[in-house]
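Peer 1: Can you keep this structure in mind? I'll have questions shortly.
Taken together, the values in this text are just the output of simple stated rules run on the coordinates, not laboratory data. All of these numbers come straight from a predicted model, not from anything done at the bench. So basically every Cβ, Gly included, is an ideal-geometry build from the backbone, and we count neighbours across all protein chains shown.
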Amino acid sequence: MPREILELTIEKLVYPGRSLARHNGRAVFLDYGLPGERVKAEILRRRKGFLEGRLLEVVSPSTDRISARCPHFGTCGGCAYQDFSYEKQVQEKENLVRESLQKLGGFADPPVESIIPSPDTFYYRNKMEFSFADQNGKLVLGLHERGHFEKMFNVESCFLQSELSNQIVAFCRDYFTTSGLPGYNWHTHEGFLRFLVIREGKHWGEVMVALVTAKGETNLKAWAEELVQKFPQITSVLHLVNPTKAQVATGEEEIVLWGKPYIKEKIGKFVFFLSAKTFLQTNSRQTEKLYQTALEVCRLSGSENVLDLYCGAGTISLFVSPFAREVEGVEIVPEAIEMAGKNKKENSVENVRFILGEARKIAKQCRLEGRKFDRIIVDPPRAGLHPKVIRDVLPLGAEKIVYVSCNPTTFARDAKLFAEGGYQLKRVIPVDMYPHTFHVELVGLLEQNSN
């Protein structure tokens, strides 16, 4: 069958990380390409109502196109926009938030404010997960190829975390290649080495290295000792055992090979303990701006009772606590609640309590008990809120609901449900946490209608 090659003009960028063109009125989604560019593309799939293709050649480049800094750009599935000027990246992300609210939420003129750009565009990440693999009999330690989750490539240099992380990856690749320990095969589920996780506390420079493996009797003490001798900045080395087939960089068993089972990070005036399983936004400096934005839209006077759903390790709960009467944080992950309690004690906070439980069940319990809150903060995962959570949150009487979202499409869907339940979308502030990727965070403010 002959290849179908088209010459197209890119209209805009769309979520998640693709470009949009049109051919005879039909949408064409491509893997690359910048707004305004004339490109040649090969059509790979014809779907009902749209086409999918891959970029072959940029015929007429955008004036906003720049040279990507990373040698892996185009192969790696991480960065989508490194060849796009940063000023235009954030402008496109702001437009994406606005368009999501218009098309998916039904808001004709959504109150989207100017995006808050990241102070750092490179070396901003505090955590990276690198994958091991056995490919053609050779050990690979690196990242996933774009569009091929089962394929990895050796990372020689990544500009997202730190130069130290690049050196640690190179050391571990050489060490385990020599050791003969096999990388994990994703198809046969055989092999030992699965992931290498590097976590950094950017404020104090503490570093955690966690090796995730399949189950097996292997002494990794020698590796940990050589690693720390080579990189004395490392304060924690962990071995996590994941005996399941699930491709997740965590484990059911945790063994401390060196140092402590945690590192520390500082956000604003607060100190947070981070274990291997603790969730924290991966851009530490920008996280302070995100939390400060959430605090600002809360408009707390010191007399309010606040409910914080999906509180994780208590970061937002503690951040807003000096300005509220009482804060209740709800989280389903036991390790996160344990770390939240540790963070509360470390920061000498008295007006916060943490509850282990599913957000949906706790919200329902509060509704059935007739409890009321002045403010409700939600920071759900990418999938957004379950409709039953929204149903049970609505009767809790909060004057303001602050929604921290990492997915503008699910936020738009949920904001529509809140609007149907008697709330008005008053403010939406996009925050760029992840330069050069298609991801964008936002803080949304919903206020109860006066009637």
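Peer 1: Which label marks the calculated value of P(r) over Cα pairs in 10 Å bins from 0, in percent, given the options (i) 4, 15, 18, 17, 18, 15, 8, 4, 1, 0; (ii) 4, 19, 26, 26, 18, 6, 0, 0; (iii) 4, 15, 20, 20, 18, 12, 7, 4, 1, 0?
Peer 2: Structure-derived value, by its label: (ii).
Peer 1: Sticking with this one: What is the Cα centroid distance between the range 57-94 and the range 395-416, reported in whole angstrom?
Peer 2: 31
Peer 1: Using 0.36 nm per residue, how much length does the chain from A419 to R3 gain when fully extended, once their Cα-Cα distance is taken away? Spell out each step's value before the answer.
Peer 2: Values: separation 416, 0.36 × 416 = 149.76 nm, distance 4.76 nm.
That pair, A419 and R3, stretches by 145.0 nm at full extension.
Peer 1: Given an 8 Å cut-off on Cα distances and at least 6 residues of separation, report the relative contact order of the chain as a percent.
Peer 2: 13
Peer 1: When the C-alpha atoms of the range 279-414 are aligned to their principal axes, what extent does each axis show, in angstrom, from largest down?
Peer 2: Computed over the range 279-414, the largest-to-smallest principal extents equal 35, 32, 30 Å.
Peer 1: Dividing the convex hull volume of the alpha carbon atoms of the range 28-117 by its residue count, what do you get in Å³ per residue?
Peer 2: 138
Peer 1: For a 26 Å ceiling on Cα separation, which of these pairs sit above it: K215/K266; K127/K345; K93/K426?
Peer 2: As for pairs spanning more than 26 Å Cα to Cα, those are K215/K266.
Peer 1: Can I ask one more? If r is the Cβ-Cβ distance from Q167 to E326 and R0 is 51 Å, what FRET efficiency results, to the nearest 0.05?
Peer 2: On the way: r = 46 Å, r/R0 = 0.90.
My answer for the efficiency is 0.65.
Peer 1: Nearest 20 debye, what's the magnitude of the dipole of the chain about its Cα centre given +1 on Lys and Arg Cβ and -1 on Asp and Glu Cβ?
Peer 2: 860
Peer 1: If you don't mind, another one. Measuring from a point 7 Å past the Cα of K245 along Cα-to-C-beta, which residues in the range 123-155 have an amide N at less than 19 Å?
Peer 2: Within reach of a label on K245: 133-134, 149-151.
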